[in-house]
Amino acid sequence: MAKLESALSKVLKKITPSHEEKKQILALAEEFKQRVEEVAQKRGLDVTVRVEGSVAKNTWLRESPDIDIFMQVPPTVRREALGTTYLRIAKEAMADTKQIERFAEHPYLEATLDGTRVNIVPCYHTEKGEWKSATDRTPFHTDYVKPLLSEKLCGEIRLLKQFMKGIDVYGAEIKVGGFSGYLCELLILFYGTFLQLLKASSNWKTRTFIDLEGYYRGREEELKLIFEEPLVIIDPIDSGRNAASAVRKKRLDEFVAASRAFLEKPKEEFFYSPETKPLSSEKLLQAVKNRGSNIIFLKFRKVETVSDILWGQLYKSQISLRNLVKQHDFKLIRDTVWSDEESLNIFLLEVEHRHLPSLKKHLGPPLDKKSECKKFLRKHIGSERTLSGPRVEGGRWVVDIKRGYTDVVELFKDKLKDGGRNVGIARFVSQAIAKNLKTLIDEEILTTYSRNKNFAKFLTRYIEGKPKWLT
(Lines give C-alpha, C1' and ligand atoms only; values in the text may rest on other atoms or scores of the structure.)
Protein backbone atom coordinates (compact mmCIF):
# COMPACT_ATOMS: atom_id res chain seq x y z
CA MET A 1 0.00 0.00 0.00
CA ALA A 2 2.87 2.37 0.78
CA LYS A 3 4.35 1.72 -2.66
CA LEU A 4 0.95 2.35 -4.23
CA GLU A 5 0.39 5.63 -2.40
CA SER A 6 3.92 6.76 -3.25
CA ALA A 7 3.41 6.07 -6.96
CA LEU A 8 0.08 7.94 -7.01
CA SER A 9 1.54 10.88 -5.10
CA LYS A 10 4.39 11.25 -7.62
CA VAL A 11 2.04 11.08 -10.58
CA LEU A 12 -0.42 13.54 -9.06
CA LYS A 13 2.35 16.04 -8.48
CA LYS A 14 3.39 15.80 -12.14
CA ILE A 15 -0.09 16.18 -13.62
CA THR A 16 -1.54 18.88 -11.36
CA PRO A 17 -1.03 22.44 -12.63
CA SER A 18 0.57 24.85 -10.16
CA HIS A 19 -1.35 27.81 -8.76
CA GLU A 20 0.41 30.10 -11.24
CA GLU A 21 -0.32 27.77 -14.17
CA LYS A 22 -3.99 27.67 -13.22
CA LYS A 23 -4.13 31.46 -13.15
CA GLN A 24 -2.53 31.65 -16.59
CA ILE A 25 -4.89 29.14 -18.19
CA LEU A 26 -7.98 30.69 -16.62
CA ALA A 27 -6.86 34.14 -17.78
CA LEU A 28 -6.28 32.78 -21.28
CA ALA A 29 -9.72 31.15 -21.30
CA GLU A 30 -11.30 34.42 -20.24
CA GLU A 31 -9.44 36.27 -23.00
CA PHE A 32 -10.70 33.84 -25.66
CA LYS A 33 -14.22 34.07 -24.27
CA GLN A 34 -14.12 37.86 -24.53
CA ARG A 35 -12.76 37.70 -28.07
CA VAL A 36 -15.72 35.61 -29.20
CA GLU A 37 -18.18 37.87 -27.35
CA GLU A 38 -16.74 40.98 -29.02
CA VAL A 39 -16.93 39.55 -32.55
CA ALA A 40 -20.49 38.32 -32.00
CA GLN A 41 -21.51 41.69 -30.56
CA LYS A 42 -19.91 43.51 -33.50
CA ARG A 43 -22.04 41.42 -35.86
CA GLY A 44 -25.17 42.02 -33.82
CA LEU A 45 -25.68 38.35 -32.98
CA ASP A 46 -27.32 37.00 -29.85
CA VAL A 47 -24.69 34.68 -28.36
CA THR A 48 -23.98 33.50 -24.82
CA VAL A 49 -20.33 32.53 -24.50
CA ARG A 50 -19.13 30.15 -21.77
CA VAL A 51 -15.94 28.35 -20.78
CA GLU A 52 -16.69 24.63 -20.53
CA GLY A 53 -14.85 21.32 -20.19
CA SER A 54 -11.98 20.48 -17.89
CA VAL A 55 -10.73 24.05 -17.58
CA ALA A 56 -14.11 25.20 -16.28
CA LYS A 57 -14.13 22.32 -13.76
CA ASN A 58 -10.44 22.40 -12.71
CA THR A 59 -9.88 18.82 -13.87
CA TRP A 60 -7.40 19.39 -16.71
CA LEU A 61 -4.01 17.73 -16.90
CA ARG A 62 -0.99 19.94 -16.57
CA GLU A 63 0.47 18.98 -19.96
CA SER A 64 -2.79 19.31 -21.91
CA PRO A 65 -4.78 22.36 -20.83
CA ASP A 66 -7.33 22.30 -23.66
CA ILE A 67 -9.75 25.22 -23.46
CA ASP A 68 -13.36 24.73 -24.58
CA ILE A 69 -15.32 27.86 -25.48
CA PHE A 70 -18.99 27.29 -26.23
CA MET A 71 -21.17 29.74 -28.16
CA GLN A 72 -24.79 29.24 -27.16
CA VAL A 73 -27.12 30.50 -29.90
CA PRO A 74 -30.94 30.81 -29.91
CA PRO A 75 -32.89 27.60 -30.75
CA THR A 76 -34.45 29.41 -33.72
CA VAL A 77 -31.09 29.56 -35.55
CA ARG A 78 -30.91 27.11 -38.48
CA ARG A 79 -28.55 24.15 -38.04
CA GLU A 80 -26.53 25.08 -41.15
CA ALA A 81 -25.67 28.45 -39.55
CA LEU A 82 -23.67 26.70 -36.81
CA GLY A 83 -21.13 25.68 -39.44
CA THR A 84 -21.21 28.94 -41.37
CA THR A 85 -22.16 32.16 -39.55
CA TYR A 86 -21.02 31.07 -36.11
CA LEU A 87 -17.94 29.24 -37.32
CA ARG A 88 -16.87 32.49 -39.01
CA ILE A 89 -17.20 34.24 -35.65
CA ALA A 90 -14.83 31.68 -34.14
CA LYS A 91 -12.35 32.07 -37.00
CA GLU A 92 -12.34 35.85 -36.74
CA ALA A 93 -11.98 35.77 -32.95
CA MET A 94 -8.98 33.44 -33.28
CA ALA A 95 -7.48 35.08 -36.37
CA ASP A 96 -3.94 35.08 -34.91
CA THR A 97 -3.91 31.33 -34.29
CA LYS A 98 -3.30 28.16 -36.25
CA GLN A 99 -6.77 26.85 -37.11
CA ILE A 100 -8.33 23.52 -38.10
CA GLU A 101 -12.01 23.02 -38.83
CA ARG A 102 -13.22 19.91 -37.02
CA PHE A 103 -16.50 18.05 -37.22
CA ALA A 104 -18.47 16.22 -34.54
CA GLU A 105 -22.25 16.46 -34.97
CA HIS A 106 -21.61 19.78 -36.70
CA PRO A 107 -18.46 21.83 -37.49
CA TYR A 108 -16.42 23.54 -34.80
CA LEU A 109 -13.04 25.27 -34.71
CA GLU A 110 -9.84 23.97 -33.18
CA ALA A 111 -7.23 26.68 -32.74
CA THR A 112 -3.72 26.57 -31.29
CA LEU A 113 -1.93 29.50 -29.68
CA ASP A 114 1.51 29.14 -28.05
CA GLY A 115 0.97 25.40 -27.65
CA THR A 116 -2.45 25.71 -26.02
CA ARG A 117 -5.36 24.18 -27.90
CA VAL A 118 -8.71 25.97 -27.95
CA ASN A 119 -11.96 24.45 -29.18
CA ILE A 120 -14.68 26.94 -30.09
CA VAL A 121 -17.98 25.10 -30.37
CA PRO A 122 -21.36 26.49 -31.45
CA CYS A 123 -24.38 24.97 -29.70
CA TYR A 124 -27.99 25.82 -28.93
CA HIS A 125 -29.10 27.70 -25.81
CA THR A 126 -31.92 25.42 -24.72
CA GLU A 127 -33.85 24.43 -21.64
CA LYS A 128 -32.87 21.17 -19.96
CA GLY A 129 -34.12 18.21 -21.99
CA GLU A 130 -34.91 20.27 -25.09
CA TRP A 131 -31.54 19.74 -26.75
CA LYS A 132 -31.30 20.15 -30.52
CA SER A 133 -27.72 18.85 -30.84
CA ALA A 134 -25.43 16.67 -28.72
CA THR A 135 -23.23 19.64 -27.74
CA ASP A 136 -26.20 21.44 -26.15
CA ARG A 137 -25.80 19.24 -23.07
CA THR A 138 -22.24 20.33 -22.32
CA PRO A 139 -23.12 23.48 -20.31
CA PHE A 140 -25.52 21.37 -18.24
CA HIS A 141 -22.72 18.84 -17.65
CA THR A 142 -20.49 21.62 -16.34
CA ASP A 143 -23.23 22.99 -14.09
CA TYR A 144 -23.89 19.50 -12.70
CA VAL A 145 -20.30 18.51 -12.00
CA LYS A 146 -18.74 21.76 -10.71
CA PRO A 147 -20.66 22.09 -7.41
CA LEU A 148 -19.88 18.47 -6.53
CA LEU A 149 -16.09 18.76 -6.88
CA SER A 150 -13.50 19.34 -4.19
CA GLU A 151 -9.75 19.78 -4.64
CA LYS A 152 -9.29 16.13 -3.63
CA LEU A 153 -11.84 14.87 -6.15
CA CYS A 154 -10.21 16.96 -8.88
CA GLY A 155 -6.94 15.18 -8.07
CA GLU A 156 -8.63 11.76 -8.27
CA ILE A 157 -10.11 12.70 -11.66
CA ARG A 158 -6.70 13.79 -12.90
CA LEU A 159 -5.21 10.45 -11.83
CA LEU A 160 -7.92 8.58 -13.70
CA LYS A 161 -7.49 10.66 -16.85
CA GLN A 162 -3.71 10.18 -16.83
CA PHE A 163 -4.08 6.45 -16.19
CA MET A 164 -6.45 6.16 -19.14
CA LYS A 165 -4.06 8.14 -21.31
CA GLY A 166 -1.21 5.88 -20.28
CA ILE A 167 -3.11 2.73 -21.28
CA ASP A 168 -4.48 4.32 -24.49
CA VAL A 169 -8.21 4.28 -23.64
CA TYR A 170 -8.76 8.02 -23.10
CA GLY A 171 -10.87 9.96 -25.57
CA ALA A 172 -14.44 9.55 -26.81
CA GLU A 173 -13.66 10.47 -30.42
CA ILE A 174 -14.44 7.75 -32.96
CA LYS A 175 -10.75 7.02 -33.59
CA VAL A 176 -10.23 5.98 -29.95
CA GLY A 177 -13.68 4.85 -28.82
CA GLY A 178 -12.63 5.35 -25.22
CA PHE A 179 -13.57 7.29 -22.08
CA SER A 180 -14.38 11.01 -22.27
CA GLY A 181 -13.28 13.54 -19.66
CA TYR A 182 -16.88 13.89 -18.50
CA LEU A 183 -17.14 10.12 -18.09
CA CYS A 184 -14.00 10.14 -15.94
CA GLU A 185 -15.59 12.81 -13.75
CA LEU A 186 -18.79 10.80 -13.32
CA LEU A 187 -16.85 7.63 -12.43
CA ILE A 188 -14.94 9.42 -9.67
CA LEU A 189 -18.10 11.10 -8.38
CA PHE A 190 -19.68 7.65 -8.12
CA TYR A 191 -16.74 5.67 -6.66
CA GLY A 192 -15.08 8.46 -4.66
CA THR A 193 -11.42 7.74 -5.45
CA PHE A 194 -9.25 6.50 -8.28
CA LEU A 195 -8.29 3.36 -6.36
CA GLN A 196 -11.88 2.53 -5.42
CA LEU A 197 -12.80 2.75 -9.10
CA LEU A 198 -9.95 0.44 -10.10
CA LYS A 199 -10.94 -2.08 -7.43
CA ALA A 200 -14.55 -1.97 -8.60
CA SER A 201 -13.74 -2.15 -12.32
CA SER A 202 -11.51 -5.17 -11.68
CA ASN A 203 -14.72 -7.01 -10.86
CA TRP A 204 -17.04 -5.49 -13.45
CA LYS A 205 -19.21 -8.12 -15.08
CA THR A 206 -20.13 -8.51 -18.76
CA ARG A 207 -22.51 -5.59 -18.35
CA THR A 208 -22.16 -2.80 -15.79
CA PHE A 209 -24.80 -0.20 -14.88
CA ILE A 210 -24.24 3.04 -12.93
CA ASP A 211 -27.06 5.48 -12.17
CA LEU A 212 -25.78 8.38 -10.07
CA GLU A 213 -29.13 10.14 -9.76
CA GLY A 214 -31.15 6.95 -9.24
CA TYR A 215 -33.44 7.55 -12.21
CA TYR A 216 -34.02 3.81 -12.51
CA ARG A 217 -34.05 2.91 -8.83
CA GLY A 218 -36.39 -0.03 -8.44
CA ARG A 219 -36.49 -0.43 -12.23
CA GLU A 220 -32.97 -1.78 -12.77
CA GLU A 221 -34.16 -4.55 -15.11
CA GLU A 222 -35.42 -1.88 -17.51
CA LEU A 223 -31.86 -0.66 -18.04
CA LYS A 224 -30.88 -3.94 -19.68
CA LEU A 225 -33.70 -3.54 -22.18
CA ILE A 226 -33.24 0.18 -22.90
CA PHE A 227 -29.45 0.21 -23.31
CA GLU A 228 -27.39 -2.36 -25.21
CA GLU A 229 -23.82 -1.24 -24.44
CA PRO A 230 -21.55 -3.23 -22.06
CA LEU A 231 -20.97 -0.15 -19.86
CA VAL A 232 -24.02 1.98 -19.07
CA ILE A 233 -23.62 5.18 -17.06
CA ILE A 234 -26.86 7.14 -17.01
CA ASP A 235 -26.16 10.79 -17.76
CA PRO A 236 -27.20 12.67 -14.59
CA ILE A 237 -28.75 15.45 -16.68
CA ASP A 238 -30.50 13.16 -19.18
CA SER A 239 -32.05 9.89 -18.00
CA GLY A 240 -32.43 8.65 -21.57
CA ARG A 241 -28.72 8.90 -22.43
CA ASN A 242 -25.83 6.54 -21.73
CA ALA A 243 -22.82 8.77 -21.06
CA ALA A 244 -20.58 5.78 -21.83
CA SER A 245 -22.13 4.95 -25.21
CA ALA A 246 -18.92 5.91 -27.08
CA VAL A 247 -16.82 3.33 -25.19
CA ARG A 248 -16.09 0.36 -27.43
CA LYS A 249 -15.97 -3.03 -25.74
CA LYS A 250 -12.28 -3.43 -26.61
CA ARG A 251 -11.40 -0.24 -24.72
CA LEU A 252 -13.56 -1.26 -21.77
CA ASP A 253 -11.85 -4.66 -21.63
CA GLU A 254 -8.41 -3.01 -21.81
CA PHE A 255 -9.31 -0.72 -18.90
CA VAL A 256 -10.51 -3.66 -16.79
CA ALA A 257 -7.37 -5.68 -17.55
CA ALA A 258 -5.06 -2.73 -16.84
CA SER A 259 -6.87 -1.98 -13.56
CA ARG A 260 -6.20 -5.52 -12.36
CA ALA A 261 -2.57 -5.38 -13.44
CA PHE A 262 -1.97 -2.03 -11.73
CA LEU A 263 -3.50 -3.12 -8.43
CA GLU A 264 -1.37 -6.25 -8.50
CA LYS A 265 1.84 -4.46 -9.48
CA PRO A 266 1.50 -0.66 -9.18
CA LYS A 267 4.05 1.46 -11.02
CA GLU A 268 4.24 4.89 -12.64
CA GLU A 269 4.67 3.39 -16.11
CA PHE A 270 0.91 2.74 -16.29
CA PHE A 271 0.34 6.47 -16.40
CA TYR A 272 2.85 7.25 -19.14
CA SER A 273 2.67 5.23 -22.30
CA PRO A 274 6.29 4.49 -23.28
CA GLU A 275 7.47 5.55 -26.72
CA THR A 276 7.48 2.69 -29.20
CA LYS A 277 10.87 2.06 -30.75
CA PRO A 278 10.35 0.66 -34.25
CA LEU A 279 12.00 -2.65 -35.06
CA SER A 280 14.86 -2.50 -37.53
CA SER A 281 13.93 -3.57 -41.06
CA GLU A 282 15.83 -6.82 -40.56
CA LYS A 283 14.06 -7.63 -37.28
CA LEU A 284 10.69 -6.75 -38.78
CA LEU A 285 11.22 -9.10 -41.71
CA GLN A 286 12.38 -11.88 -39.40
CA ALA A 287 9.38 -11.35 -37.12
CA VAL A 288 6.98 -11.52 -40.07
CA LYS A 289 8.69 -14.66 -41.34
CA ASN A 290 8.55 -16.30 -37.91
CA ARG A 291 4.77 -15.87 -37.79
CA GLY A 292 4.29 -18.28 -40.69
CA SER A 293 1.14 -16.43 -41.70
CA ASN A 294 0.55 -13.84 -44.41
CA ILE A 295 -0.08 -10.15 -43.70
CA ILE A 296 -1.97 -8.23 -46.38
CA PHE A 297 -1.69 -4.43 -46.47
CA LEU A 298 -4.30 -2.45 -48.40
CA LYS A 299 -2.67 0.93 -48.88
CA PHE A 300 -4.35 4.02 -50.31
CA ARG A 301 -3.97 7.78 -50.23
CA LYS A 302 -5.98 10.70 -48.86
CA VAL A 303 -9.66 10.31 -48.01
CA GLU A 304 -11.48 13.58 -48.62
CA THR A 305 -13.24 14.13 -45.30
CA VAL A 306 -12.67 15.33 -41.73
CA SER A 307 -11.10 13.18 -39.00
CA ASP A 308 -14.19 11.88 -37.16
CA ILE A 309 -15.99 10.92 -40.37
CA LEU A 310 -12.77 9.38 -41.71
CA TRP A 311 -12.41 7.04 -38.73
CA GLY A 312 -16.08 6.13 -38.76
CA GLN A 313 -15.76 5.13 -42.42
CA LEU A 314 -12.47 3.30 -41.89
CA TYR A 315 -13.95 1.19 -39.08
CA LYS A 316 -17.09 0.47 -41.10
CA SER A 317 -14.94 -0.58 -44.07
CA GLN A 318 -12.73 -2.70 -41.81
CA ILE A 319 -15.76 -4.77 -40.77
CA SER A 320 -16.72 -5.23 -44.45
CA LEU A 321 -13.19 -6.40 -45.35
CA ARG A 322 -13.18 -8.77 -42.39
CA ASN A 323 -16.47 -10.29 -43.56
CA LEU A 324 -15.24 -10.51 -47.17
CA VAL A 325 -12.23 -12.58 -46.09
CA LYS A 326 -14.31 -14.92 -43.94
CA GLN A 327 -17.00 -15.37 -46.60
CA HIS A 328 -14.37 -16.74 -48.98
CA ASP A 329 -12.99 -19.19 -46.40
CA PHE A 330 -9.66 -17.49 -45.67
CA LYS A 331 -8.92 -17.83 -41.95
CA LEU A 332 -8.45 -14.36 -40.47
CA ILE A 333 -6.09 -14.12 -37.50
CA ARG A 334 -6.23 -10.39 -36.79
CA ASP A 335 -7.09 -7.18 -38.58
CA THR A 336 -6.64 -3.49 -37.88
CA VAL A 337 -6.41 -0.12 -39.60
CA TRP A 338 -3.94 2.78 -39.50
CA SER A 339 -4.17 6.33 -40.83
CA ASP A 340 -2.15 9.52 -40.60
CA GLU A 341 -5.48 11.32 -41.26
CA GLU A 342 -3.88 13.30 -44.07
CA SER A 343 -2.33 11.40 -46.95
CA LEU A 344 -1.98 7.71 -46.11
CA ASN A 345 -4.34 4.95 -44.94
CA ILE A 346 -3.62 1.24 -44.52
CA PHE A 347 -5.85 -1.73 -43.73
CA LEU A 348 -3.95 -4.69 -42.31
CA LEU A 349 -5.41 -8.19 -42.49
CA GLU A 350 -3.44 -11.20 -41.32
CA VAL A 351 -4.55 -14.60 -42.63
CA GLU A 352 -3.25 -18.08 -41.84
CA HIS A 353 -2.55 -18.73 -45.53
CA ARG A 354 -2.65 -16.50 -48.58
CA HIS A 355 -3.61 -19.47 -50.82
CA LEU A 356 -6.35 -22.06 -50.45
CA PRO A 357 -6.85 -25.29 -52.45
CA SER A 358 -9.13 -25.05 -55.46
CA LEU A 359 -11.42 -27.75 -54.08
CA LYS A 360 -13.99 -26.94 -51.41
CA LYS A 361 -16.31 -29.47 -49.77
CA HIS A 362 -19.86 -28.16 -49.77
CA LEU A 363 -22.55 -29.80 -47.61
CA GLY A 364 -26.01 -30.18 -49.07
CA PRO A 365 -29.37 -30.94 -47.45
CA PRO A 366 -30.16 -34.11 -45.45
CA LEU A 367 -31.91 -36.85 -47.45
CA ASP A 368 -35.16 -36.41 -45.53
CA LYS A 369 -35.58 -32.95 -47.10
CA LYS A 370 -36.80 -34.21 -50.44
CA SER A 371 -37.53 -30.94 -52.27
CA GLU A 372 -34.26 -29.30 -51.09
CA CYS A 373 -32.32 -32.36 -52.32
CA LYS A 374 -33.92 -32.03 -55.75
CA LYS A 375 -32.88 -28.35 -55.97
CA PHE A 376 -29.37 -29.16 -54.77
CA LEU A 377 -28.87 -31.87 -57.40
CA ARG A 378 -30.30 -29.67 -60.15
CA LYS A 379 -27.84 -26.93 -59.20
CA HIS A 380 -24.66 -29.02 -58.96
CA ILE A 381 -24.98 -31.87 -61.50
CA GLY A 382 -23.10 -30.73 -64.60
CA SER A 383 -22.13 -27.36 -63.12
CA GLU A 384 -18.79 -25.86 -64.19
CA ARG A 385 -17.91 -25.38 -60.52
CA THR A 386 -18.52 -29.04 -59.61
CA LEU A 387 -15.22 -30.92 -59.30
CA SER A 388 -16.58 -34.10 -57.73
CA GLY A 389 -20.02 -35.41 -56.81
CA PRO A 390 -22.72 -34.93 -55.79
CA ARG A 391 -22.54 -37.98 -53.49
CA VAL A 392 -24.24 -39.17 -50.35
CA GLU A 393 -22.25 -38.93 -47.11
CA GLY A 394 -23.56 -39.22 -43.58
CA GLY A 395 -27.19 -39.06 -44.60
CA ARG A 396 -26.92 -35.96 -46.79
CA TRP A 397 -25.81 -34.85 -50.23
CA VAL A 398 -22.26 -33.53 -50.53
CA VAL A 399 -20.41 -31.96 -53.46
CA ASP A 400 -16.82 -30.82 -54.05
CA ILE A 401 -16.86 -27.47 -55.81
CA LYS A 402 -14.26 -25.11 -57.21
CA ARG A 403 -13.58 -22.05 -55.08
CA GLY A 404 -14.26 -18.65 -56.54
CA TYR A 405 -10.97 -17.32 -55.10
CA THR A 406 -7.92 -19.30 -54.01
CA ASP A 407 -5.65 -16.25 -53.47
CA VAL A 408 -6.69 -13.64 -50.92
CA VAL A 409 -4.66 -10.97 -52.77
CA GLU A 410 -6.62 -11.65 -55.96
CA LEU A 411 -9.82 -11.51 -53.93
CA PHE A 412 -8.99 -7.98 -52.77
CA LYS A 413 -7.80 -6.81 -56.16
CA ASP A 414 -10.99 -8.02 -57.84
CA LYS A 415 -13.52 -6.89 -55.24
CA LEU A 416 -11.87 -3.49 -54.63
CA LYS A 417 -10.95 -2.51 -58.20
CA ASP A 418 -13.94 -0.15 -58.39
CA GLY A 419 -13.66 0.99 -54.75
CA GLY A 420 -15.52 -1.89 -53.14
CA ARG A 421 -18.91 -0.29 -52.57
CA ASN A 422 -20.55 -3.62 -53.49
CA VAL A 423 -18.78 -5.35 -50.61
CA GLY A 424 -19.60 -2.65 -48.06
CA ILE A 425 -16.67 -0.22 -48.26
CA ALA A 426 -17.82 3.20 -46.99
CA ARG A 427 -18.34 5.93 -49.57
CA PHE A 428 -15.38 8.28 -49.00
CA VAL A 429 -12.98 5.38 -48.39
CA SER A 430 -14.27 3.69 -51.53
CA GLN A 431 -13.55 6.81 -53.60
CA ALA A 432 -9.95 6.88 -52.37
CA ILE A 433 -9.46 3.13 -52.90
CA ALA A 434 -10.79 3.35 -56.47
CA LYS A 435 -8.13 5.96 -57.28
CA ASN A 436 -4.96 4.51 -55.81
CA LEU A 437 -5.18 1.15 -54.00
CA LYS A 438 -1.96 -0.83 -53.63
CA THR A 439 -2.18 -4.39 -52.30
CA LEU A 440 1.02 -5.47 -50.56
CA ILE A 441 1.91 -8.71 -48.82
CA ASP A 442 4.43 -9.37 -46.03
CA GLU A 443 7.87 -7.88 -46.89
CA GLU A 444 6.40 -5.70 -49.66
CA ILE A 445 5.41 -3.19 -46.96
CA LEU A 446 9.08 -2.55 -46.11
CA THR A 447 9.46 0.63 -48.20
CA THR A 448 6.46 2.24 -46.50
CA TYR A 449 7.72 1.01 -43.12
CA SER A 450 11.14 2.57 -43.69
CA ARG A 451 9.79 5.92 -44.87
CA ASN A 452 7.00 6.49 -42.34
CA LYS A 453 8.03 6.53 -38.70
CA ASN A 454 4.49 6.64 -37.29
CA PHE A 455 3.41 3.66 -39.37
CA ALA A 456 6.60 1.86 -38.31
CA LYS A 457 5.63 2.36 -34.66
CA PHE A 458 2.12 1.11 -35.38
CA LEU A 459 3.34 -2.03 -37.15
CA THR A 460 5.91 -2.70 -34.43
CA ARG A 461 3.14 -2.56 -31.82
CA TYR A 462 1.07 -4.92 -33.96
CA ILE A 463 3.93 -7.40 -34.26
CA GLU A 464 4.70 -7.23 -30.53
CA GLY A 465 0.98 -7.75 -29.92
CA LYS A 466 0.66 -6.84 -26.23
CA PRO A 467 -0.26 -3.70 -24.25
CA LYS A 468 2.70 -1.51 -23.35
CA TRP A 469 1.82 -1.75 -19.66
CA LEU A 470 1.96 -5.56 -19.59
CA THR A 471 5.35 -6.72 -18.26
### Message
part of a helix (DSSP H, G or I), of a type in the set (Lys, Arg), assigned by TED's automatic domain parsing to the domain that holds Leu285 and farther than 23 Å from His355 by Cβ: which single residue out of Lys413, Lys435, Lys375, Lys379 fits that description?
### Response
Lys435
### Message
I'd like the residue in region 146-179 that is within 25 Å of Thr276 (Cβ to Cβ) and small (Gly, Ala, Ser) and, out of all such residues, is surrounded by the most Cβ atoms within 10 Å (Cβ to Cβ).
### Response
Gly178
## Note on the structure
Per the list (1) in contact with a strand residue (DSSP E or B) (Cβ under 9 Å, 6 or more places away or on another chain); (2) modelled with pLDDT under 95; (3) on the phi < 0 side of the Ramachandran plot, residue check on Thr16 breaks on (2)
### Residue identified as under 25 Å from Val247 (Cβ atoms) and touching a strand residue (DSSP E or B) at 6+ places or on another chain (Cβ under 6 Å) among Thr276, Thr336
Thr336
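Assess whether Ala200 counts as being at pLDDT 95 or above and part of a helix (DSSP H, G or I).
Judged against the criteria, Ala200 is a match.
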### Message
Go through region 262-272 and report how many residues are surrounded by fewer than 18 Cβ atoms within 10 Å (Cβ to Cβ) and either more than 10 Å from Val11 (Cα to Cα) or at pLDDT below 90 (or both).
### Response
6
### Query
Restricting attention to region 143-176, which residues are among the small types (Gly, Ala, Ser), modelled with pLDDT of 95 or more and not in a helix (DSSP H, G or I)?
Ser150
### Summary
Among the residues of region 121-136, the number that are crowded, with 21+ Cβ neighbours inside 10 Å and either more than 26 Å from the chain's Cα centre (by Cα) or at pLDDT 95 or above (or both) is 0
### Query
Could you count how many residues in region 300-332 are under 17 Å from Val351 (Cβ atoms) and either free of Cβ contacts under 8 Å to residues at least 40 places away in the same chain or not in a helix (DSSP H, G or I) (or both)?
9
### Message
If I go through region 26-59 residue by residue, how many of them are in a helix (DSSP H, G or I) and surrounded by fewer than 19 Cβ atoms within 10 Å (Cβ to Cβ)?
### Response
10
### Query
In region 242-261, which residue that is under 25 Å from Pro139 (Cβ atoms) and either among the small types (Gly, Ala, Ser) or free of Cβ contacts under 8 Å to residues at least 24 places away in the same chain (or both) is surrounded by the fewest Cβ atoms within 10 Å (Cβ to Cβ)?
Ser245
### Query
Quick one: how many residues across region 46-85 are within 17 Å of Lys33 (Cβ to Cβ) and either in contact (Cβ under 8 Å) with a residue 40 or more places away in the chain or small (Gly, Ala, Ser) (or both)?
19
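The values are calculated or read from the model by the stated rules, or taken from the named source; none is laboratory data. This structure is a prediction, so every number in the text was calculated from the model and none was measured. We place every Cβ from the backbone using ideal geometry, glycine too, and count neighbours over all the protein chains shown.
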